[in-house]
Ligand SMILES: C[S@@+](CC[C@H](N)C(=O)[O-])C[C@H]1O[C@@H](n2cnc3c(N)ncnc32)[C@H](O)[C@@H]1O
């Protein structure tokens with residue numbers, strides 16, 4: 001047993017034990033009980049999410065704005081998954097009906113708790129702090145973290161968590177089939193550099209460009225990149241004001257865009273424009289690879305494993321107390337958007353790999369890749 005990610009197969013096997021999901025599902029069910037949400041659901045009997053938001057505002061002191069209404073919606077979906085509520089969908093808004101006590105969640109045994117400590121400690125720490133703050137946040141307190149100097153260490157630890165490492169490695173593996181010699185790769189929203197390290201490990205000869213909208217995590221990323229010999233072109237954060245603004249690159253400047261854990265920070269109204277910009281900077285036959293969960297669909301078509309669904313709810317709810325978080329986007333909306341923009345949807349994995357269903361996306365721009373270069377793999 002090791003807290004270090006070694007290979008994809010054992011990484012996926014470890015994630016499929018669903019340990020963090022079991023711990024935090026129980027914690028969120030308790031949260032709903034202690035914050036009075038379950039009681040409000042019990043008394044209301046049948047209600048829509050909008051009605052419950054109004055009830056919680058009136059009876060439990062919950063505020064609205066920022067992510068708060070969405071957070072209530074996530075909790076209702078989680079309570080449905082845990083058997084407390086039943087959801088009925090018939091075209092209009094989802095109607096929730098109170099059902100009863102939550103399904104029992106088997107507590108972790110000693111061996112599983114030890115794995116949690118050793119393998120999932122950095123994810124646990126972050127979720128603990130976010131969930132500790134969530135009750136205050138929903139009642140009007142400010143955001144817990146943002147991407148500034150004061151939180152760089154917190155982000156670095158969280159972003160280095162085991163699940164993200166497995167997901168990045170899986171994504172890079174999937175992007176490998178479109179590989180050219182010395183590929184030009186953009187690490188979009190490079191953060192504290194975990195993606196840069198993974199890219200350089202996978203393709204030591206790559207010509208990598210690192211971009212983020214803030215310089216707050218740059219030193220941490222630089223230190224990580226220094227452990228590798230690859231070439232990195234660091235773009236001054238002043239050159240890009242963030243999502244919704246043009247990327248500071250010429251058309252067709254990259255063979256691959258690596259976009260890890262950035263999509264949930266894009267708001268719905270500007271999302272299409274952001275992906276249009278990504279497509280613009282990709283060469284013909286270029287690849288966009290993205291790590292971002294899809295929000296579980298009510299029909300359970302894209303994600304029917306209850307623990308994956310639960311895990312996505314937990315993550316979405318926890319990170320909602322961070323400034324800029326917009327939530328995981330609908331799977332079908334993403335597929336539709338990418339197709340309308342002219343991407344070829346090469347693959348989104350669902351109901352295949354259990355742990356990473358709807359988290360790994362590959363989009364390809366039309367055309368033959370590397371017309372003037374040799375395709376090597
Ligand atoms: C969860 S971190 C992921 C970082 C990195 N890609 C990784 O996988 O570790 C989200 C990234 O999105 C960036 N980000 C957040 N809001 C943004 C915005 N409005 N415009 C551009 N980038 C943003 C942050 O600076 C951060 O690097």
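The values are calculated or read from the model by the stated rules, or taken from the named source; none is laboratory data. Computed from a prediction, not measured in an experiment: that's the story for all the values here. Heads up, the Cβs are rebuilt from the backbone with ideal geometry, glycines too, and the neighbour counts pull from every protein chain shown.
Brief remarks on what is shown
- Considering the conditions (1) in contact with a helix residue (DSSP H, G or I) (Cβ under 8 Å, 6 or more places away or on another chain); (2) modelled with pLDDT of 95 or more, residue 116 is excluded by exactly one of them, (2).
- The residues of segment 252-273 that are buried (at least 21 other Cβ atoms within 10 Å of the Cβ) and either more than 11 Å from the ligand (Cβ to nearest atom) or in a helix (DSSP H, G or I) (or both), listed by number, are 254, 255, 256, 257, 263.
- Criterion violated by residue 313 - all others in (1) away from the ligand (no atom under 16 Å from the Cβ); (2) crowded, with 18+ Cβ neighbours inside 10 Å; (3) more than 18 Å from the chain's Cα centre (by Cα) satisfied: (3)
- Residue count for segment 13-43, restricted to those that are assigned to a helix (DSSP H, G or I) and buried (at least 17 other Cβ atoms within 10 Å of the Cβ): 18.
- Of all the listed residues (321, 303), the sole one being away from the ligand (no atom under 15 Å from the Cβ), in contact with a helix residue (DSSP H, G or I) (Cβ under 9 Å, 6 or more places away or on another chain) and within 22 Å of residue 75 (Cα to Cα) is 303.
- Taking every residue in segment 248-262 that is on the phi < 0 side of the Ramachandran plot and pairing it with any residue that is buried (at least 21 other Cβ atoms within 10 Å of the Cβ) and assigned to a loop (DSSP other than H, G, I, E, B), at least 6 positions away or on another chain, the pairs with Cβ-Cβ distances below 6 Å are 255/183; 256/183; 262/189.
- Tally of residues being surrounded by 16 or more Cβ atoms within 10 Å (Cβ to Cβ) and modelled with pLDDT under 75 across segment 316-352: 4
- Taken over segment 58-97, the residue count meeting the criterion of being without any contact (Cβ under 8 Å) to a residue 60 or more places away in the chain, in contact with a strand residue (DSSP E or B) (Cβ under 9 Å, 6 or more places away or on another chain) and either closer than 22 Å to residue 144 by Cα or in a helix (DSSP H, G or I) (or both) is 3.
- Put simply, of 227, 218, 207 the only residue that is more than 14 Å from the ligand (Cβ to nearest atom), under 17 Å from residue 156 (Cβ atoms) and either touching a strand residue (DSSP E or B) at 6+ places or on another chain (Cβ under 8 Å) or free of Cβ contacts under 8 Å to residues at least 40 places away in the same chain (or both) is 227.
- A single entry from 292, 283 fulfils the requirement of being touching a residue at least 24 places away in the same chain (Cβ under 8 Å), more than 12 Å from the ligand (Cβ to nearest atom) and either in contact with a helix residue (DSSP H, G or I) (Cβ under 7 Å, 6 or more places away or on another chain) or closer than 29 Å to residue 197 by Cβ (or both): 283.
- Residues (out of contact with any strand residue (DSSP E or B) (no Cβ under 9 Å at 6 or more places or on another chain) and either within 10 Å of the ligand (Cβ to nearest atom) or within 20 Å of residue 326 (Cβ to Cβ) (or both)) located in segment 230-245: 241, 242, 243, 244, 245
- Residue list for segment 119-128, filter: in contact with a helix residue (DSSP H, G or I) (Cβ under 7 Å, 6 or more places away or on another chain) and surrounded by fewer than 17 Cβ atoms within 10 Å (Cβ to Cβ): 125
- Count of segment 129-179 residues which are within 12 Å of the ligand (Cβ to nearest atom), more than 15 Å from residue 360 (Cα to Cα) and buried (at least 16 other Cβ atoms within 10 Å of the Cβ): 11
- Residue match in segment 295-310 (condition: assigned to a strand (DSSP E or B) and closer than 30 Å to residue 203 by Cα): no
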